[in-house]
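Visitor: What follows is a single structure, and I will ask about it in a moment.
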Amino acid sequence: MTKVLIADKINEKGIDVLKDASEIVNNPKITPEELLNTIDQYDGIIVRSRTKVTKEVIANAKNLKIIARAGVGVDNIDLKAATDNGIMVVNAPESTSITVAEHAMGLMLSLSRKIAIADASVKSGKWDKSKFMGMELKGKTLGVIGMGRIGSQVVKRAKSFEMNVIVYDPYITEDTAKKLGVTITDFETLITKADVMTIHVPLTPETKGLISEPQLRQMKKHAIIINCARGGIINEEDLYKVLKDEPDMKAGLDVYQDEPLENSPLTTLDNVVLTPHIAASTKEAQRDAAIIVAKEVKQVLSGETPNNVLNMPVLDIETFQELKPYFKLTEKLGLMLMQIFNKNIQKLNITYQGELANLPKDSLTRHLLKELLNPMLTEPVNAVNAKAVAEQRGIILTESESSFAGNYDSIIKVEATNNKRTVEIEGTLQNDKPLIISINGYSVNMLPCGTMAIIKYKDLPGTIGIIGKMLGEEEINIGEMQVGRKEEGGEAVMILKLDQKITDEVANSLKTIPEIEEAIPLKL
């Protein structure tokens, strides 16, 4: 019989799922030292947030097949080490969707009807009815930033309050929007039109400080802003400044830049409701998370494929070793496409050429999609659900094969399209490291890593010098340059490796030069 360690306290319903299939060791107070010394005894481990499954623990886990997180976040698990050792990592992303959505609605109602401050007033012995004039949600416009699982659940609840809903999400399609009864809009329009705004996106370099003073100043004077996603998306210093100036504007926060929240001026304001990161904390969510991951563990230890794998599908060892170097290439290709487009990709074609054409490629496709979609979504996209999420987001995916790979053993070519542009990138391996060999038909030869930029320009005398001069004036040093062109005097593509990041402001300045058509910063 297989043996499973439950290293943190989980709901009994989850333990019940496993009882007939595995020997259970329920030790929710296990110390890091005990875990390190005993992990080799187990086929599976279930944790919440307390227990850290580190690289050192995984190195000792000679028999471990699955690490299960009874919740969403896996910051306490070394995902790379698990993947390198062929150990699956699963979580329960769907367990908190309704719980977090309900909390967002709770903050919305508390602020619109001034419930929190009215409660405090009554408990202090006052009866100041006139101070607590509220606002109905009916007929108001709700702006939703991020339409993943949680955002969609908020929409369903808001529609029952007869709210009008506008959404900003680069991946949502018109068909999906129509089914949900929402209107797709751009970020700036959502900011200015929303009576209530709720955020459901991950914290990434692109979303950090997404809502700062300029956006807050553009919002309606009576607007309500809700954040149950991640701290740091709203600049809290700017929020305090604006809320102090605009007492009719309100904010409900469950997450913060630094937790626990200490010495924040936000706590002094009556037009703010603050909760201690409890949006996902309900008995039902904890119960569901335990049941979900217990079923996943049971499936894996029975030789079946689980539903919420965060690293990759199961492959036999021989095939995995052949494909392993290409996972890094698909990761880079996905990240490049995500940053080049920064908006909805409508079509994606992946062509596997050469030796790869004869190998199972589904896991590579899923890995590429995972890297492409994850930065835009709150809920993790994993190797199992990547294709389903792409379909939900309206991406038409096609995969093809070709035995011809020129002078290379294998090539992966990706072609992405939306209604504004088409981008084609070809990559291969050089000494088991990713190498980009072509962009839109222009031959290049560049390892995709670090701070980079792609610049499309007219191949005229002096253009490269102008680019170098502008970057130098911005104190951006060029570490390496690759140039590709099809003909003399025509269009050309330059790939730069840089010591400093090209900001959006610098990129926009470059594009004001007549000879430059495009300047795209990349972080790989």
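Visitor: Just to verify a result, which residue in segment 488-511, among those that are open to solvent by 80 Å² or more (accessible area, probe 1.4 Å) and not in a helix (DSSP H, G or I), is nearest to M336 (Cα to Cα)?
Guide: Keep residues of segment 488-511 that are open to solvent by 80 Å² or more (accessible area, probe 1.4 Å), which gives 488, 499, 501, 504-505, 508, 511.
Going one step further and asking which of them are not in a helix (DSSP H, G or I), we end up with 488, 499, 501, 511.
Details: E488: 27, D499: 18, K501: 15, K511: 20 Å.
Result: K501.
Visitor: In this structure, is N440 out of contact with any helix residue (DSSP H, G or I) (no Cβ under 6 Å at 6 or more places or on another chain), open to solvent by less than 40 Å² (accessible area, probe 1.4 Å) and touching a residue at least 12 places away in the same chain (Cβ under 8 Å)? Walk me through it before giving the result.
Guide: Details: out of contact with any helix residue (DSSP H, G or I) (no Cβ under 6 Å at 6 or more places or on another chain): yes; open to solvent by less than 40 Å² (accessible area, probe 1.4 Å): no; touching a residue at least 12 places away in the same chain (Cβ under 8 Å): yes.
In short, no.
Visitor: On to the next question. For segment 470-487, does any single residue satisfy the condition of being open to solvent by less than 60 Å² (accessible area, probe 1.4 Å), without any contact (Cβ under 8 Å) to a residue 12 or more places away in the chain and not in a strand (DSSP E or B)? Let's see the steps before the verdict.
Guide: Filtering segment 470-487 for residues open to solvent by less than 60 Å² (accessible area, probe 1.4 Å) gives 470-472, 476, 478-479, 482, 484.
Among the residues that remain, those that are also without any contact (Cβ under 8 Å) to a residue 12 or more places away in the chain are: 472.
Right, trim to not in a strand (DSSP E or B) and you get 472.
Scanning segment 470-487, I find at least one residue that is open to solvent by less than 60 Å² (accessible area, probe 1.4 Å), without any contact (Cβ under 8 Å) to a residue 12 or more places away in the chain and not in a strand (DSSP E or B), so the answer is yes.
Visitor: Could you list, ordered by first residue, the pairs with Cβ atoms under 6 Å in which the first is in segment 233-256 and polar (S, T, N, Q) and the second is assigned to a loop (DSSP other than H, G, I, E, B), at least 6 apart or interchain?
Guide: From residues that are polar (S, T, N, Q), the pairs are N235/G209; N235/S212.
Visitor: To continue, here is another question. Out of all the residues in segment 154-176, which are among the hydroxyl-bearing types (S, T, Y) and not in a strand (DSSP E or B)? Before you say what the answer is, go through the steps one by one.
Guide: Initially, segment 154-176 is screened for residues among the hydroxyl-bearing types (S, T, Y), giving 160, 168, 171, 173, 176.
Of everything in segment 154-176, those that are among the hydroxyl-bearing types (S, T, Y) and not in a strand (DSSP E or B) turn out to be S160, Y171, T173, T176.
Okay, residues lined up against (1) surrounded by 14 or more Cβ atoms within 10 Å (Cβ to Cβ); (2) under 18 Å from L210 (Cβ atoms):
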| site | (1), (2) |
| --- | --- |
| I234 | yes, yes |
| M249 | yes, yes |
| D254 | yes, yes |
| E259 | no, no |
| L269 | yes, no |
| V273 | yes, no |
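Visitor: Pairs please, first residue from segment 109-125 and under 18 Å from L137 (Cβ atoms), second anywhere and in a helix (DSSP H, G or I) and open to solvent by 40 Å² or more (accessible area, probe 1.4 Å), Cβ atoms under 6 Å, 6+ apart in sequence or on different chains.
Guide: S110/A116; K114/F132; A118/F132
Visitor: Using the structure shown, decide if S49 is without any contact (Cβ under 8 Å) to a residue 12 or more places away in the chain, of a type in the set (G, A, S) and surrounded by fewer than 17 Cβ atoms within 10 Å (Cβ to Cβ). It would help to see each step written out before you state the result.
Guide: Numbers: without any contact (Cβ under 8 Å) to a residue 12 or more places away in the chain: no; of a type in the set (G, A, S): yes; surrounded by fewer than 17 Cβ atoms within 10 Å (Cβ to Cβ): yes.
No.
Visitor: Please determine whether any residue of segment 305-313 is more than 23 Å from V154 (Cα to Cα), in contact with a Phe, Trp or Tyr (Cβ under 8 Å, 6 or more places away or on another chain), assigned to a loop (DSSP other than H, G, I, E, B) and among the polar types (S, T, N, Q). Step through it out loud before you land on a result.
Guide: The initial filter retains those residues of segment 305-313 that are more than 23 Å from V154 (Cα to Cα), namely 305-307, 309-313.
Of the ones still in play, those that are also in contact with a Phe, Trp or Tyr (Cβ under 8 Å, 6 or more places away or on another chain) are 312.
Remaining after also requiring assigned to a loop (DSSP other than H, G, I, E, B): 312.
Checking which are among the polar types (S, T, N, Q) leaves us with none.
Scanning segment 305-313 turns up no residue that is more than 23 Å from V154 (Cα to Cα), in contact with a Phe, Trp or Tyr (Cβ under 8 Å, 6 or more places away or on another chain), assigned to a loop (DSSP other than H, G, I, E, B) and among the polar types (S, T, N, Q).
Visitor: Among the residues of segment 134-176, write down those that are loosely packed, with under 11 Cβ neighbours inside 10 Å and either at pLDDT below 95 or within 21 Å of M338 (Cβ to Cβ) (or both).
Guide: Taking segment 134-176 first, the residues loosely packed, with under 11 Cβ neighbours inside 10 Å are 138-139, 160, 174-175.
Scanning segment 134-176 gives E174, D175.
Visitor: Among the listed residues I345, I350, which satisfies the condition of being under 29 Å from T207 (Cα atoms) and assigned to a strand (DSSP E or B)? Break it down stepwise before answering.
Guide: On the way: I345 fails: assigned to a strand (DSSP E or B).
The match here is I350.
Visitor: Something else: Can you name the condition, by its number, that E415 falls short on among (1) surrounded by 22 or more Cβ atoms within 10 Å (Cβ to Cβ); (2) modelled with pLDDT of 95 or more?
Guide: That leaves (1) as the condition not met.
Visitor: Hey, does segment 172-186 have a residue that's in contact with a Ser or Thr (Cβ under 9 Å, 6 or more places away or on another chain) and farther than 30 Å from K347 by Cβ?
Guide: no
Visitor: Please enumerate the residues belonging to segment 177-190 that are within 27 Å of A386 (Cβ to Cβ), open to solvent by 50 Å² or more (accessible area, probe 1.4 Å) and either assigned to a strand (DSSP E or B) or β-branched (V, I, T) (or both).
Guide: I184
Visitor: Name the residues in segment 191-209 that are within 25 Å of E371 (Cα to Cα), aliphatic (A, V, I, L, M) and buried (at least 19 other Cβ atoms within 10 Å of the Cβ), would you?
Guide: Within segment 191-209, I199, V201 meet the criteria.
Visitor: Of all the residues that make up segment 61-85, how many are in contact (Cβ under 8 Å) with a residue 24 or more places away in the chain and either aliphatic (A, V, I, L, M) or open to solvent by less than 60 Å² (accessible area, probe 1.4 Å) (or both)?
Guide: Of the residues in that region, 17 qualify.
Visitor: Right, another one. Given the condition assigned to a loop (DSSP other than H, G, I, E, B), among the hydroxyl-bearing types (S, T, Y) and open to solvent by 10 Å² or more (accessible area, probe 1.4 Å), answer yes or no: does some residue in segment 23-39 qualify?
Guide: Here is the first cut: in segment 23-39, the residues assigned to a loop (DSSP other than H, G, I, E, B) are 27-31.
Checking the rest, the ones that are also among the hydroxyl-bearing types (S, T, Y) come to 31.
Okay, now just the ones that are also open to solvent by 10 Å² or more (accessible area, probe 1.4 Å), so 31.
Among the residues of segment 23-39, at least one is assigned to a loop (DSSP other than H, G, I, E, B), among the hydroxyl-bearing types (S, T, Y) and open to solvent by 10 Å² or more (accessible area, probe 1.4 Å), which makes the answer yes.
Visitor: Mind listing whichever residues of segment 444-461 are in contact with an Asp or Glu (Cβ under 8 Å, 6 or more places away or on another chain) and without any contact (Cβ under 8 Å) to a residue 40 or more places away in the chain?
Guide: Start the filter on segment 444-461 by keeping residues that are in contact with an Asp or Glu (Cβ under 8 Å, 6 or more places away or on another chain), which leaves 446, 451, 454-460.
Passing the criteria: only D459.
Visitor: Continuing with this model, one more query. Looking at segment 387-407, which of the residues that are open to solvent by 90 Å² or more (accessible area, probe 1.4 Å) and either among the hydrophobic types (A, V, I, L, M, F, W, C) or at pLDDT 90 or above (or both) is nearest to E174 (Cα to Cα)?
Guide: Restricting attention to segment 387-407, the residues satisfying the condition of being open to solvent by 90 Å² or more (accessible area, probe 1.4 Å) are 391-392, 396, 401, 403-404, 407.
Now narrow it down to the ones that are either among the hydrophobic types (A, V, I, L, M, F, W, C) or at pLDDT 90 or above (or both): 396, 401, 403-404, 407.
Numbers: I396: 14, E401: 31, S403: 38, F404: 38, N407: 43 Å.
Selected residue: I396.
Visitor: While we're here: Are there any pairs with C-beta distances below 7 angstrom linking a residue in segment 345-362 that is open to solvent by 10 Å² or more (accessible area, probe 1.4 Å) to a residue that is part of a helix (DSSP H, G or I) and not hydrophobic (A, V, I, L, M, F, W, C), with the two at least 6 apart or on different chains, and if so which?
Guide: What qualifies is L359/T319; L359/E322; P360/T319.
Visitor: Tell me which residues, restricted to segment 270-307, are out of contact with any helix residue (DSSP H, G or I) (no Cβ under 9 Å at 6 or more places or on another chain) and closer than 28 Å to A118 by Cβ.
Guide: P276, H277, K283
Visitor: List pairs: first residue in segment 150-179 and more than 17 Å from I396 (Cα to Cα), second residue surrounded by fewer than 22 Cβ atoms within 10 Å (Cβ to Cβ) and of a type in the set (F, W, Y) anywhere in the structure, Cβ distance under 6 angstrom, at least six positions apart or on different chains.
Guide: Y168/F187
The values are calculated or read from the model by the stated rules, or taken from the named source; none is laboratory data. Since the model is a prediction, treat every value here as computed from it, not as a measurement. Backbone-built Cβ (ideal geometry, glycine too); neighbour counts: all protein chains shown. Note: accessible area is taken over every heavy atom of the protein model, side chains too, but ligands, DNA and RNA are not part of it. Shrake-Rupley method; radii C 1.70, N 1.55, O 1.52, S 1.80 Å.
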